[in-house]
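Right, one structure below, let's go through it.
The values are calculated or read from the model by the stated rules, or taken from the named source; none is laboratory data. A quick note: this is a predicted structure, and the numbers were derived from the prediction, not measured. Glycine also receives a Cβ, built like all others from the backbone with ideal geometry; neighbour counts cover every protein chain displayed.
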């Protein structure tokens with residue numbers, strides 16, 4: 001099906017000319033003009049009448065149109081800055097888009113004020129309008145959230161200052177780490193790599209080489225630690241100052257509300273994971289013995305087990321993913337096929353690219369773009385499947401109003417992680433040999449360690465760092481200590497070598513768009529296990545059920561979503577234990593065949 005696929009994405013079909021695109025420049029000019037126009041209307045309170053439903057409908061249509069176009073512009077910028085960290089034009093454009101987003105947010109602050117001034121009866125009457133019923137949940141949510149904010153003038157000021165302050169520190173981190181290089185010795189010769197390329201090298205079957213790469217990796221991040229610490233401290237300080245002014249007592253208030261999730265659900269999830277740590281440790285102890293190591297280090301977690309072929313070409317990975325998707329959902333397979341053939345994916349393994357992977361969507365063209373650095377490892381294949389899951393999620397929501405498409409990260413990670421599960425589970429089932437089966441089971445269990453333990457260490461670190469940051473700047477040494485403490489707790493003291501500078505190397509800590517970008521991964525991993533159980537139940541109609549669940553992710557709180565579509569209570573341990581049993585279902589076989 002796939003032969004000689006192009007490993008770079010096609011952005012010219014969106015806006016030709018990259019950062020020098022005249023079409024994109026004109027697009028931004030139009031956006032700027034329309035945001036200014038809406039701002040002027042709000043300032044004069046033109047059309048302000050609580051009972052004038054028609055004017056409110058017209059206003060919300062403008063708001064949703066601007067929101068869609070801003071997403072489109074932001075997606076293009078994220079692609080430009082990721083594909084070439086040295087693209088100075090893209091960085092300048094990124095600043096302009098941030099300014100436009102800030103201007104739009106200021107308009108929305110004025111809209112929030114109008115919303116709050118309406119009486120409950122006026123508000124209820126407004127939401128009875130037929131054109132607003134599809135976004136009633138989102139409008140109610142916005143009204144409730146507005147009650148938790150500062151007076152509009154203060155929120156507007158904070159929003160405008162955040163462009164060059166709060167978000168500026170994130171931009172600095174991206175610039176510094178984007179220019180980083182790591183030199184290693186490979187096959188007797190020095191090789192200079194980007195951080196993304198170096199990270200892929202830690203999937204080598206050679207333990208000495210993995211240890212060498214890890215040593216150089218730690219050294220490289222130690223050299224940048226002061227700059228990273230400055231950025232992390234400053235953006236955290238901005239966030240904490242704003243929380244204090246708003247009267248928010250916990251640093252988790254914003255991420256929990258953003259993810260439409262209760263603290264009880266989060267606590268029950270972590271408690272259930274902690275109760276199952278022994279099973280994860282048993283897997284890691286056995287892997288250590290299988291690899292013939294005296295102890296398992298951070299760099300060994302993703303090491304391949306056995307001598308089965310553990311590399312795939314890009315064409316082979318595409319074929320493999322599409323085949324596995326097709327076993328569960330023809331629509332997912334069709335979307336993935338389109339993504340590969342229409343060059344939605346930037347996969348080329350080259351220096352100068354940003355770290356990590358992501359999927360971003362272009363609402364104007366109803367397409368997506370996926371960013372990875374593909375070197376053929378099983379982890380790379382899993383990442384491709386993961387990001388294609390995001391693209392599928394967006395595809396089933398494209399016909400909904402923009403307000404109803406605003407789903408949070410925890411449910412966004414559900415679709416992506418389910419895609420990983422489908423590929424991983426099917427690949428084990430259809431393994432060509434016992435050696436390959438062992439390797440694939442190990443990869444599945446390693447993914448469970450990553451999502452249940454690695455992510456937990458990020459959550460523990462970030463929670464504790466923010467508590468210390470309330471008292472003042474946190475030093476590099478203390479950041480290292482906090483990180484190692486979090487890793488030891490999350491991994492139940494099962495590793496012989498930890499990663500002190502993980503706080504510097506993990507870009508999620510510097511994401512100013514999504515607060516606490518950690519626990520949504522674990523939630524998505526386990527929630528998707530519940531969805532996957534439905535896929536395997538044999539009851540039929542899974543694809544329609546799955547699409548309906550995804551379509552509701554932008555207009556329900558997660559507890560309601562789970563109750564409505566899965567019939568489960570996320571505040572009870574039963575669901576989480578069942579999900580953990582599902583993701584560790586291969587553990588007994590792994591322990592038996594490696595005895």
Out of the range 149-168, which residues are outside any loop (DSSP other than H, G, I, E, B) and in contact with a helix residue (DSSP H, G or I) (Cβ under 8 Å, 6 or more places away or on another chain)? 152, 154, 155, 156, 158, 159, 160, 162, 163, 166, 167
Regarding the range 487-499, can at least one residue be identified that is in a helix (DSSP H, G or I), surrounded by fewer than 18 Cβ atoms within 10 Å (Cβ to Cβ) and either at pLDDT 95 or above or in contact with a strand residue (DSSP E or B) (Cβ under 8 Å, 6 or more places away or on another chain) (or both)? yes
Suppose the filter is assigned to a helix (DSSP H, G or I), surrounded by fewer than 19 Cβ atoms within 10 Å (Cβ to Cβ) and without any contact (Cβ under 8 Å) to a residue 24 or more places away in the chain; does residue 39 pass it? no
Filter the range 585-595 down to the residues that are assigned to a loop (DSSP other than H, G, I, E, B) and without any contact (Cβ under 8 Å) to a residue 24 or more places away in the chain, then identify the one that is farthest from residue 265 (Cα to Cα). 595
Could you check residue 261 against (1) more than 17 Å from residue 559 (Cβ to Cβ); (2) touching a residue at least 12 places away in the same chain (Cβ under 8 Å) and say which number it fails? (1)
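Quick check on the range 202-218: of everything there that is assigned to a helix (DSSP H, G or I) and without any contact (Cβ under 8 Å) to a residue 24 or more places away in the chain, which residue is surrounded by the most Cβ atoms within 10 Å (Cβ to Cβ)? Write out each step before concluding.
Going through the range 202-218, the residues assigned to a helix (DSSP H, G or I) turn out to be 207-218.
With without any contact (Cβ under 8 Å) to a residue 24 or more places away in the chain added as a condition, the list becomes 208-209, 215.
Numbers: 208: 8, 209: 17, 215: 13.
Among those residues, the one meeting the criterion is 209.
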Quick check on the range 17-27. Is at least one of its residues under 30 Å from residue 194 (Cα atoms), at pLDDT 90 or above and surrounded by fewer than 17 Cβ atoms within 10 Å (Cβ to Cβ)? yes
Kindly evaluate residue 375 against the criterion of being at pLDDT below 95 and farther than 16 Å from residue 322 by Cβ. yes
Enumeration of residues in the range 553-581 that are over 18 Å from residue 266 (Cα atoms) and buried (at least 19 other Cβ atoms within 10 Å of the Cβ): 554, 555, 565
Residue pairs qualifying under the 6 Å Cβ cut-off, at least six apart or on distinct chains, with the first in the range 225-250 being more than 18 Å from residue 155 (Cα to Cα) and the second being exposed (fewer than 15 other Cβ atoms within 10 Å of the Cβ) and modelled with pLDDT of 95 or more, are 233/473
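Among the residues of the range 476-486, is any farther than 20 Å from residue 180 by Cβ and touching a residue at least 60 places away in the same chain (Cβ under 8 Å)?
Step one: filter the range 476-486 for residues farther than 20 Å from residue 180 by Cβ, giving 477-478, 481-482, 484-486.
So of that shortlist, the ones also touching a residue at least 60 places away in the same chain (Cβ under 8 Å) come out as none.
No, the conditions are met nowhere in the range 476-486.
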Regarding residue 199, is this residue under 30 Å from residue 88 (Cα atoms), surrounded by 20 or more Cβ atoms within 10 Å (Cβ to Cβ) and at pLDDT below 90? yes
Starting from the range 172-188, take each residue that is within 20 Å of residue 89 (Cβ to Cβ) and list its partners that are at pLDDT below 90 and outside any helix (DSSP H, G or I), counting only C-beta distances under 6 angstrom and pairs at least six apart or across chains. 178/85; 178/354
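Quick one: which of 399, 425 is surrounded by fewer than 24 Cβ atoms within 10 Å (Cβ to Cβ), without any contact (Cβ under 8 Å) to a residue 60 or more places away in the chain and within 23 Å of the chain's Cα centre (by Cα)? Break it down into steps so the answer makes sense when it comes.
Numbers: 425 fails: without any contact (Cβ under 8 Å) to a residue 60 or more places away in the chain.
One residue alone meets the criteria, 399.
Output the helices (runs of 4 or more DSSP H) that fall wholly within the range 242-352 and possess 3 or more residues being within 18 Å of residue 386 (Cβ to Cβ) and at pLDDT below 95, or say none. Can you show your working first?
On the way: elements: 253-258, 263-275, 277-290, 314-328, 330-341.
So the answer is 314-328.
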Quick one: in the range 430-447, of everything that is closer than 15 Å to residue 381 by Cβ and without any contact (Cβ under 8 Å) to a residue 12 or more places away in the chain, which residue is surrounded by the most Cβ atoms within 10 Å (Cβ to Cβ)? 431
Can you confirm whether the range 110-119 contains a residue that is in contact with a helix residue (DSSP H, G or I) (Cβ under 7 Å, 6 or more places away or on another chain), in contact (Cβ under 8 Å) with a residue 60 or more places away in the chain, more than 15 Å from residue 41 (Cβ to Cβ) and in a helix (DSSP H, G or I)? no
Test residue 541 against the criterion of being without any contact (Cβ under 8 Å) to a residue 40 or more places away in the chain and either under 29 Å from residue 275 (Cα atoms) or surrounded by fewer than 16 Cβ atoms within 10 Å (Cβ to Cβ) (or both), and give yes or no. yes
Do you know which residues across the range 301-333 are surrounded by 16 or more Cβ atoms within 10 Å (Cβ to Cβ) and more than 18 Å from residue 382 (Cα to Cα)? 306, 331
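Just checking, does the range 541-550 include any residue being farther than 21 Å from residue 396 by Cβ and out of contact with any helix residue (DSSP H, G or I) (no Cβ under 6 Å at 6 or more places or on another chain)?
Step one: of the range 541-550, the residues farther than 21 Å from residue 396 by Cβ are none.
So far as the range 541-550 goes, no, none of its residues is farther than 21 Å from residue 396 by Cβ and out of contact with any helix residue (DSSP H, G or I) (no Cβ under 6 Å at 6 or more places or on another chain).
Identify, please: which residue in the range 189-200 is without any contact (Cβ under 8 Å) to a residue 40 or more places away in the chain and over 22 Å from the mean Cα position of the chain (by Cα) and is, among those, farthest from residue 160 (Cα to Cα)?
Within the range 189-200, the subset without any contact (Cβ under 8 Å) to a residue 40 or more places away in the chain is 189-191, 198.
Then drop every residue that is not over 22 Å from the mean Cα position of the chain (by Cα), which leaves 189-191.
Details: 189: 50, 190: 46, 191: 43 Å.
Selected residue: 189.
Name the one entry in 474, 484 that is closer than 25 Å to residue 171 by Cα and at pLDDT 95 or above. First the steps, then the outcome.
Values: 484 fails: closer than 25 Å to residue 171 by Cα.
Matching residue, one of 474, 484: 474.
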Inside the range 563-584, can you point out the residues that are assigned to a loop (DSSP other than H, G, I, E, B), touching a helix residue (DSSP H, G or I) at 6+ places or on another chain (Cβ under 9 Å) and free of Cβ contacts under 8 Å to residues at least 60 places away in the same chain? 566, 568, 569
